[in-house]
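The values are calculated or read from the model by the stated rules, or taken from the named source; none is laboratory data. This structure is a prediction, so every number in the text was calculated from the model and none was measured. So basically every Cβ, Gly included, is an ideal-geometry build from the backbone, and we count neighbours across all protein chains shown.
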Amino acid sequence: MRHPQLWNILEGTTPMRARTVVAVAVVLAPLALCGCSGSRADRLSAGDVARMVNISPAGRPGTASDAVPAAAPGANASASKAAAGSDAAAKGAAAQGAAAKDGGASAAAAPVASVPGSVDPNQPVVVRALHGTLTDVTVAGPDGTQLAGAISADDRSWSSTGPLSAGRSYTVRVGVDDGQGGRGSTVATFTTRAAPETLTAKLTPGDGAVYGVGEPITATLSNPIHDPAERRVVEGGLSVSSSPGVQGAWYWVDDSTLHFRPESYWPAHARIGAAFDLDGRLIGGKLYGGPASRISFSTGDKLLALTDAAAHYLTVYRNGNAINTIPVTTGKPGFSTRSGIKVVLEQSPVVFMNSSTVGIPDGTDDSYHKDVAWDTRVTWSGEYVHAAPWSVGAQGVANISHGCVGMSTGNAHWFYDTFRRGDLVQVVNSYGHMMEPFGNGFGDWNVDWDRWKSHSALQRVVDTGAGAVADQEQSRPGYLRPAA
């Protein structure tokens with residue numbers, strides 16, 4: 001059959017010109033018939049790409065039949081048959097892809113079939129190119145966070161290097177190059193198995209309030225952790241940030257409790273945050289991280305009440321400057337006030353004090369039952385700074401209390417209004433034993449810094465100004481390289 005336009009050209013030409021036109025037509029006709037202009041930059045359909053790669057959420061050795069694409073809306077049956085390995089169907093799908101390219105349309109992405117909840121989160125994600133090479137791979141969780149990964153030297157396989165989380169859905173996007181100018185991408189989804197057991201952490205202080213510079217951060221775990229390797233994982237899931245930054249460390253008080261403090265006190269007027277985030281991450285055995293927890297708080301002025309039990313006076317310092325000196329009475333012999341640094345735990349305008357609760361039998365000379373005003377608590381065992389109008393004559397002169405620091409009602413009211421939770425109360429020159437480091441309030445500051453650091457499972461100092469993140473590895477992209 002003659003080509004109408006070509007025949008019209010030939011009818012108006014000389015024999016030599018006709019031969020030239022025919023030669024040009026012979027060269028150009030195949031290019032015109034295939035719809036290209038001398039170069040190939042084909043867009044492969046999602047079905048084509050799905051047959052070129054194997055996506056193995058559990059890291060199994062890949063074969064062509066492993067990567068079975070689910071039929072996209074509107075896709076014909078040949079695509080499904082091709083995915084199962086039918087050569088005839090593969091040719092049909094390729095023809096369909098070519099028709100779509102000729103029409104300027106690209107096929108819809110077809111997710112690779114996966115059984116929800118069937119993937120072991122402890123195994124890597126592996127993507128292999130069965131034909132051609134990989135151009136890019138991303139594995140993203142439901143929040144868009146991408147899993148870290150590495151490409152092989154020949155660009156034919158990709159493996160995750162970051163951990164998967166339990167009970168999460170993931171989306172895998174894969175780009176390929178068939179080596180003949182054809183490129184395309186496909187999408188796969190899978191879900192990891194739910195965690196059989198989870199660990200959470202309650203962090204304090206958690207109310208976003210202003211605290212004194214002595215307030216430590218505490219983490220109370222929902223499950224005891226004894227194994228050293230598991231402790232390292234748990235501590236790695238804890239992060240602390242502050243502005244300005246400090247050098248600090250975690251201390252394992254027991255199997256379920258950790259405290260964090262700086263080498264010295266927090267800076268005045270600092271903003272502080274802490275987090276525990278191992279959500280879905282393996283800790284050990286069947287135990288995984290549970291829902292994340294976060295807190296924030298700030299500090300006010302640095303307030304320190306320095307009580308000299310021998311001199312019977314208490315001096316208040318604000319940011320290093322003495323602002324008040326108060327006559328006091330502390331514990332008498334047999335009831336000596338604890339020495340060392342304490343932290344304000346709570347305050348109450350009135351507390352009913354009953355001597356039997358601290359081991360003093362009713363009916364003895366030392367027993368008491370009374371309402372006491374303007375109480376600032378520093379130990380859970382019952383030590384306060386409070387009003388003691390009954391002992392004003394001894395204040396500044398002698399120690400006659402049962403262990404508390406007593407002062408006049410007016411001075412106690414001023415102290416109550418000036419101090420807050422987290423402020424520091426230090427007692428020197430007392431015959432009382434040293435404040436317990438833990439269990440009776442916050443005696444954290446009585447622990448030597450070298451000893452404190454040695455009780456970190458990771459044996460590390462945290463720079464809170466760097467905004468330490470629980471797991472930076474998980475936020476690194478899995479993308480291979482910029483697209484060509």
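Tabulated values for the structure
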quantity: Scan of region 409-445 for residues that are in contact with a Pro (Cβ under 9 Å, 6 or more places away or on another chain) and either of a type in the set (Lys, Arg) or touching a residue at least 60 places away in the same chain (Cβ under 8 Å) (or both), ordered by number; calculated: 411, 416, 421, 422, 431, 442, 443, 444, 445
quantity: Residue list for region 386-402, filter: part of a strand (DSSP E or B) and either free of Cβ contacts under 8 Å to residues at least 12 places away in the same chain or touching a helix residue (DSSP H, G or I) at 6+ places or on another chain (Cβ under 6 Å) (or both); calculated: 386, 387
quantity: When residues of region 275-296 are limited to those that are in a loop (DSSP other than H, G, I, E, B) and of a type in the set (Lys, Arg), the one nearest to the chain's Cα centre (by Cα); calculated: 281
quantity: Per-region count, region 310-366, residues more than 13 Å from residue 386 (Cα to Cα) and without any contact (Cβ under 8 Å) to a residue 40 or more places away in the chain; calculated: 19
quantity: Conditions (1) surrounded by fewer than 21 Cβ atoms within 10 Å (Cβ to Cβ); (2) under 15 Å from residue 435 (Cα atoms); number of the one not met by residue 359; calculated: (2)
quantity: Checking residue 155 against (1) at positive phi; (2) at pLDDT below 95, the condition it does not meet; calculated: (2)
quantity: Qualifying residue in region 424-433 (condition: part of a loop (DSSP other than H, G, I, E, B) and on the phi > 0 side of the Ramachandran plot); calculated: yes
quantity: Scan of region 189-243 for residues that are touching a strand residue (DSSP E or B) at 6+ places or on another chain (Cβ under 8 Å) and among the charged types (D, E, K, R), ordered by number; calculated: 193, 197, 202, 207, 215, 227, 230, 231, 235
quantity: Every residue from region 192-205 that is surrounded by 19 or more Cβ atoms within 10 Å (Cβ to Cβ) and within 30 Å of residue 134 (Cβ to Cβ); calculated: 192
quantity: Near pairs, Cβ below 7 angstrom, 6+ apart or cross-chain, from region 112-131 (more than 27 Å from residue 154 (Cβ to Cβ) and surrounded by 19 or more Cβ atoms within 10 Å (Cβ to Cβ)) to any residue that is of a type in the set (Gly, Ala, Ser) and modelled with pLDDT of 80 or more; calculated: 121/165; 121/166
quantity: Among residues of region 449-465, those that are of a type in the set (Phe, Trp, Tyr) and under 17 Å from residue 231 (Cβ atoms), counted; calculated: 1
quantity: Breaking point among (1) at pLDDT 95 or above; (2) surrounded by fewer than 20 Cβ atoms within 10 Å (Cβ to Cβ); (3) of a type outside the set (S, T, N, Q), for residue 250; calculated: (2)
quantity: Search result, residues across region 426-463 that are in the same structural domain as residue 379 (by TED's automatic domain parsing), of a type in the set (Ser, Thr, Tyr) and in contact with a strand residue (DSSP E or B) (Cβ under 6 Å, 6 or more places away or on another chain); calculated: 430
quantity: Residue within region 243-265 that is in contact (Cβ under 8 Å) with a residue 40 or more places away in the chain, out of contact with any helix residue (DSSP H, G or I) (no Cβ under 9 Å at 6 or more places or on another chain) and assigned to a loop (DSSP other than H, G, I, E, B) present; calculated: no
quantity: Members of region 135-150 that are among the hydrophobic types (A, V, I, L, M, F, W, C) and farther than 15 Å from residue 54 by Cβ; calculated: 140, 147, 148, 150
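Here's the yes/no breakdown for (1) farther than 30 Å from residue 273 by Cβ; (2) at pLDDT 95 or above; (3) under 36 Å from the mean Cα position of the chain (by Cα):
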| position | (1), (2), (3) |
| --- | --- |
| 298 | no, yes, yes |
| 307 | yes, yes, no |
| 337 | yes, yes, no |
| 344 | no, yes, yes |
| 367 | yes, no, no |
